[in-house]
């Protein structure tokens, strides 16, 4: 029986999820801005009897709730990052938040389309001056929110590299913290970004349609712009649904990463990868299980791990080696 401590072979599965991500801070700022604007519009709408202001305030309330889901996903993932009941950490909560946001975007698109089509068949009188003022105000607020969340696209990037190497006779588990905290894999941030972008787009299209209606008499432009906006939002929603659902059902990771792994192992010509599973466990983080066949009796799992390229975001690596008898 081994009397030495097992700590050398044990390791954390937090993968940096216990750190506050930049997306969380930005989302909270946007929630505060949107909530203040929501209260102002609802209050002034009630005080002055303006249905346009009241309607826009209630619309902002729905998006404040959607952004709240994104913030909740960030906070929950961070606070439960060290909970051992999550086998690969809490990174997938990020994708779950993004998936929920995508569903809400789809609902928003359906409501936009339904309301716009209803306006086409049953036009209503439009108070152009008041509606334009509300749309401009909404564009300013949503434009600021887009800039706050969209700045994450521009490369806030920091990296932590911590390797945990473990020698096993047959299997090896390697935990490489290659944490790339940027926007590209942050589905939760993307959902929040698309929500405010959809709002900004709606305001922009509304201004264009209202100006056309006021000065050119093109009343039909207002519902038409609503339909166009709904189609664009639906397209964004579908794209986000596809990427987040792929993460949630453990679909195979990017082919570029799998090709890089396979090539690095088979480059010598002596070893062949017989099985390779790559899946996402968080924003820009992947787990991989590799099985290979070799004639080399001295090849160890650590030798295989050292062949893997850095920068692939491989946070959890398992290697299984089969010796070829011939």
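The values are calculated or read from the model by the stated rules, or taken from the named source; none is laboratory data. What you see is a predicted model, and the numbers here were worked out from it, not measured in a lab. When we count neighbours, we look across all protein chains shown, and the Cβ atoms used for this are built from the backbone with ideal geometry, even at glycine.
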Completion exercise
Just one listed residue, out of 242, 258, 306, is modelled with pLDDT of 90 or more, within 25 Å of the chain's Cα centre (by Cα), more than 30 Å from residue 204 (Cα to Cα) and outside any strand (DSSP E or B), and it is 258
Practice task
Give just the number: which of (1) surrounded by 15 or more Cβ atoms within 10 Å (Cβ to Cβ); (2) more than 30 Å from residue 320 (Cβ to Cβ); (3) modelled with pLDDT under 90 does residue 97 not satisfy?
Solution key: (3)
Practice task
Quickly run through segment 100-145 and pick out the residues that are farther than 17 Å from residue 56 by Cβ and part of a loop (DSSP other than H, G, I, E, B).
Solution key: 122, 123, 125
Exercise for the section: Scan (1) farther than 30 Å from residue 132 by Cβ; (2) touching a helix residue (DSSP H, G or I) at 6+ places or on another chain (Cβ under 8 Å) for the single condition residue 295 breaks and write down its number. Expected result: (2)
Practice task
Give segment 143-152 a look and list any residue that's in contact with a helix residue (DSSP H, G or I) (Cβ under 8 Å, 6 or more places away or on another chain) and either at pLDDT 90 or above or surrounded by fewer than 21 Cβ atoms within 10 Å (Cβ to Cβ) (or both), or say none.
Solution key: 143, 144, 145, 146, 148, 149, 150, 151
Handout entry: Qualifying residues in segment 7-29 (those that are modelled with pLDDT under 75 and not in a loop (DSSP other than H, G, I, E, B)) - the one surrounded by the most Cβ atoms within 10 Å (Cβ to Cβ)
Key = 9
Problem - Criterion: surrounded by 14 or more Cβ atoms within 10 Å (Cβ to Cβ), modelled with pLDDT under 95, touching a helix residue (DSSP H, G or I) at 6+ places or on another chain (Cβ under 6 Å) and not in a loop (DSSP other than H, G, I, E, B) - qualifying residue of 315, 230, 287 - result: 230
Fill in the blank from the handout: Exception for residue 32 within (1) surrounded by fewer than 16 Cβ atoms within 10 Å (Cβ to Cβ); (2) under 26 Å from residue 245 (Cα atoms); (3) modelled with pLDDT of 85 or more falls at (2)
Practice task
Specify which of the listed residues (106, 73, 118) is at pLDDT 85 or above and under 23 Å from residue 32 (Cα atoms).
Solution key: 73
Exercise for the section: Would you mind stating whether residue 132 is at pLDDT 85 or above and under 27 Å from the mean Cα position of the chain (by Cα)? Expected result: no
Problem - segment 76-99 residues that are on the phi > 0 side of the Ramachandran plot, paired with ones that are modelled with pLDDT under 90 (beta carbon under 6 Å, 6 or more apart) - result: 89/13; 89/14; 89/15; 89/17
Handout entry: Matching residues in segment 296-311 - criterion: being in contact with a strand residue (DSSP E or B) (Cβ under 8 Å, 6 or more places away or on another chain) and either surrounded by fewer than 16 Cβ atoms within 10 Å (Cβ to Cβ) or under 15 Å from residue 261 (Cβ atoms) (or both)
Key = 296, 297, 300, 301, 302, 304, 305, 308, 310, 311
Exercise for the section: Filter segment 213-227 down to residues that are modelled with pLDDT of 90 or more and surrounded by 14 or more Cβ atoms within 10 Å (Cβ to Cβ), then give me how many there are. Expected result: 0
Handout entry: Check on residue 78, assigned to a loop (DSSP other than H, G, I, E, B) and more than 21 Å from residue 208 (Cβ to Cβ)
Key = no
